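Q: Pasting a structure below so you can have a look.
The values are calculated or read from the model by the stated rules, or taken from the named source; none is laboratory data. Being a predicted model, the structure only gives us computed values, none of them experimental. Heads up, the Cβs are rebuilt from the backbone with ideal geometry, glycines too, and the neighbour counts pull from every protein chain shown. Just the protein is used for accessible areas: all its heavy atoms, side chains included, with ligands, DNA and RNA removed. Shrake-Rupley method; radii C 1.70, N 1.55, O 1.52, S 1.80 Å.
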Amino acid sequence: MINFLLISNSLALLSLVAICGYYMREVKRRTAALVIANTMLQTEIAERKRAEMVLRHKHDTLNALIIASPRAIALLGTDGTVKIWNPAAEAMFGWQPTEVIDQPSPILLGAFTADNERLIQSVLQGCTHLGLELQCRHKDGTAVEVMCSVAPLRDPAGNMAENTVGESAESSVDNKHNAGNISGLVAVMVDITAQRQQAEELRLLQSVVVNTNDAVIITEAEPFDEPGPRILYVNDAFTQITGYQPEEVLGKTPRILQGPKTDRKELDRLRAALGQWQPVTVEVINYRKDGSEFWNEFSLVPVADSEGWYTHWIAVQRDTTRRKHLDEVRLALEREKELSALKTRFFSMASHEFRTPLSTALAAAQLLENSQSAWEDTAKRLRNLHRIQDSVRNTVQLLDDILTINRAESGNLAFNPKPLALALYCEHFVEEMQLSAGDQHILTFRLQGEVCYISLDEKLMRSILSNLLSNAIKYSPKGGTVELILTFGPEAVKLLVKDAGIGIPLEDQKRLFEPFQRGQNVRNVSGTGLGLMVVKKCVDLHQGEIVINSEVGVGTTCLVTLPLQLTS
């Protein structure tokens, strides 16, 4: 009995221990399961946090990209209201975000053409449109030309594959039932207003270049030396003017148009301008393909790139042969008219200037012949003889002046320079002029510098000095001093004639060296208006120059500069 109880108790205890063990193992298993579940939960929470951080980073990155984008970006809902409006859009169209957010788009949806509804629906159905060229409007009302790409904006749950503009209509229709996955659209825009204007200007410029009657040549910028810059382009007008086809000149230089009569001085001027990258216009004789000559006026300008480096030359050429011929005819007609006017004035002057001294001489001679008292009175006889002599001298001077001008105009005026003691020559000449000038005028001569011999034409020098000194005496009716100053320099000799006479009006100084030109203030002072013209011709033959300064009521200074050495 006791053993049975012990066995029973033992069995009960073993059962209890087994049960306890089972519950302990279950607790451990469930604890382990909870630990695993907690670990997985923690891992999931961490993953979600990481996903949220990645999403937030992507959001911040996308937002930064939208803000920093140089292109205008606008995000619109399906109702057409603006959700995002970046700074570039504000700069491009003028509206601030506060003016457009949650408001209908002021520039995009209303900017499409007659097909805008179909286009909008196409985007909302999943189609992406790239490279649309649209005309939008700025806040101030001006037009803005844009290049625009428009794409649908999907919900995160959206799984519809996008269609592009090139997909079939059937594909687009099949996706209509998924339109609910699209929450709006995004538009990316670039302002192409300037490009459009440049393209239009380029089109117009190209039209002008192609259709103009002037030849247009584009060459490389260099080299300036042989063989010269190569031709890169010629228009049709170049072929019409020169006879050369484009393929015959491309790769060659414009020098193929030059020939024997092409003015080297003009080409040197052209070359100097090229060396300084300066625009220049020249007119020269060029040669066509068949060898015929034509006058060619062309303007050359350098073309620089965006960085300021000169890359090309553009020449616009014009055949001016007809104009040149017309100019020559016009100049010939004008010359003929001038000659006709000169002849009329010459005959008028000659009839007066010859008649006056001849009449004076004749009257004096008749007086001496018919009046015994005039002949016997020594003073009267000398006075009348001097009148005859002065009249003859004036007539001879007039004839000399006319012959000098005529020979100079025809190129037959003799020029025979020989070594001349100019200082002594001037001194004797002043003494000679003083004898004919009388007591009313005082002629002085001064010498400056180191005296040397100089090659001059003595006959022409006499014309120069006689005319200048005679004018100084003649146009100083109240008398006074007339100076002749001779200055020897290292390269030239200068003759200065100075008086204190009536002077020359400013308006008359522009025509000092034209024939028969006399000042308006000469009054009754006799003269032909040929003296200064004779002086100018003689000075030119000596390769010198003459400068006249004058002031009315103060006097006149004439400065003649002659080189010591004549160039061949």
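Q: Which aspartates and glutamates, on any chain, are close to K459 with Cα under 19 Å apart, when same-chain ones fewer than 8 places away are left out?
A: By straight Cα distance, K459 reaches D400, D401, E409, E427, E431, E432, D540, E545.
Q: How large are Rg and Dmax for the range 419-568 when only the alpha carbon atoms are used, in Å?
A: Calculated on Cα positions, Rg and Dmax stand at 14.9, 45 Å.
Q: Obtain the radius of gyration and the Kirkwood radius of the range 16-150 from its C-alpha atoms and give Rg over Rh. Walk me through the numbers before you get to the answer.
A: Values: Rg = 27.6 Å, Rh = 19.3 Å.
Rg/Rh for the range 16-150 comes to 1.43.
Q: If you don't mind, another one. Under a 1.4 angstrom probe, counting protein chains only, how are I45, I66 ranked by accessible area, largest first?
A: Numbers: I45 65, I66 25 Å².
Descending accessible area places them as I45, I66.
Q: If you place +1 on the Cβ of every Lys and Arg, -1 on the Cβ of every Asp and Glu, and leave all else neutral, what size is the dipole of the range 205-295 about its Cα centre, to the nearest 20 Debye?
A: That gives the range 205-295 a dipole magnitude of about 160 debye.
Q: Separate question: Which ³J(HN,Hα) values, rounded to whole Hz and listed in residue order, are derived for the range 532-537 from phi using the Karplus coefficients 6.51, -1.76 and 1.60 in 6.51 cos²θ - 1.76 cosθ + 1.60 with θ = phi - 60°, glycine and proline given as x?
A: Karplus values, whole Hz, x for Gly and Pro: 5, 5, 4, 4, 4, 4.
Q: For a bin width of 5 Å, list the pair-distance distribution of the range 230-300 built from all Cα-Cα distances, rounded to whole %.
A: 3, 15, 25, 26, 20, 9, 1
Q: To continue, here is another question. Need one number for the range 439-502: average projected area of the convex hull over its C-alpha atoms, nm². It would help to have the intermediate numbers written out before the result.
A: On the way: hull surface 19.3 nm².
Projected over every direction and averaged, the Cα hull of the range 439-502 covers 4.8 nm².
Q: What figure, in Å² to the nearest 10, do you get for the accessible area of K139 with a 1.4 Å probe and non-protein molecules left out?
A: Accessible area of K139: about 100 Å².
Q: For S183, which sequence-distant residues (separation of 5 or more, or a different chain) have an amide H within less than 5 Å of its own amide H, given hydrogens modelled in the peptide plane?
A: Amide H neighbours of S183, under 5 Å, 5+ apart: L153, R154, D155.
Q: Then there is this: Taking the C-alpha atoms of the range 185-274, how large are the radius of gyration and the largest Cα-Cα span, Dmax, in Å?
A: 19.0, 73
Q: May I ask you to list the lysines whose Cα is less than 29 Å away from that of K252, ignoring any residue fewer than eight positions away on the same chain?
A: Partners found: K261, K265, K289, K324.
Q: Report, to the nearest whole %, how much of the accessible area of the range 219-347 belongs to carbon and sulfur atoms, 1.4 Å probe, protein only. Don't skip to the end; give the middle numbers.
A: Working: 4470 of 8170 Å².
Using a 1.4 Å probe with all protein chains present, the range 219-347 comes out at 55 percent carbon and sulfur.
Q: How much of the accessible area of the range 26-73, in percent, comes from carbon and sulfur atoms when a 1.4 Å probe is used?
A: Working: 2780 of 4210 Å².
Taking all protein chains in place, the range 26-73 shows 66 percent carbon and sulfur surface.
Q: Tell me the accessible surface of T31 in square angstrom (1.4 angstrom probe, heavy atoms of protein chains only), to the nearest ten.
A: About 70 Å², rounded to the nearest 10.
Q: Right, another one. Leaving out ligands, DNA and RNA but keeping every protein chain, what accessible area does S306 have, in Å² rounded to the nearest 10, with a 1.4 Å probe?
A: Its heavy atoms expose roughly 120 Å² to the probe.
Q: Applying the Karplus parametrisation 6.51 cos²θ - 1.76 cosθ + 1.60 with θ = phi - 60° to the phi angles of the range 256-268, what ³J(HN,Hα) value in whole Hz is obtained for each residue in order, glycine and proline being reported as x?
A: After applying 6.51 cos²θ - 1.76 cosθ + 1.60, I find 5, 8, 7, x, x, 8, 5, 5, 5, 5, 5, 5, 5 Hz.
Q: Something else about it: What length, rounded to one decimal in nm, is gained on full extension from L41 through to L506, with 0.36 nm per residue of separation minus their alpha-carbon distance? Kindly include the intermediate steps, with their values, before the conclusion.
A: On the way: separation 465, 0.36 × 465 = 167.40 nm, distance 11.07 nm.
Taking L41 through L506 to full extension adds about 156.3 nm, to one decimal.
Q: Another question, if that's okay. How much length is gained on full extension from K49 to D102, taking 0.36 nm per residue of separation minus their Cα-Cα distance?
A: Values: separation 53, 0.36 × 53 = 19.08 nm, distance 3.13 nm.
Going from the current span to full extension adds 15.9 nm.
Q: Would you mind calculating the gained length between R288 and Q543 on full extension (0.36 nm times residue separation, minus the Cα-Cα distance), in nm to one decimal?
A: Values: separation 255, 0.36 × 255 = 91.80 nm, distance 3.84 nm.
Separation in residues times 0.36 nm, less the Cα-Cα distance, equals 88.0 nm.
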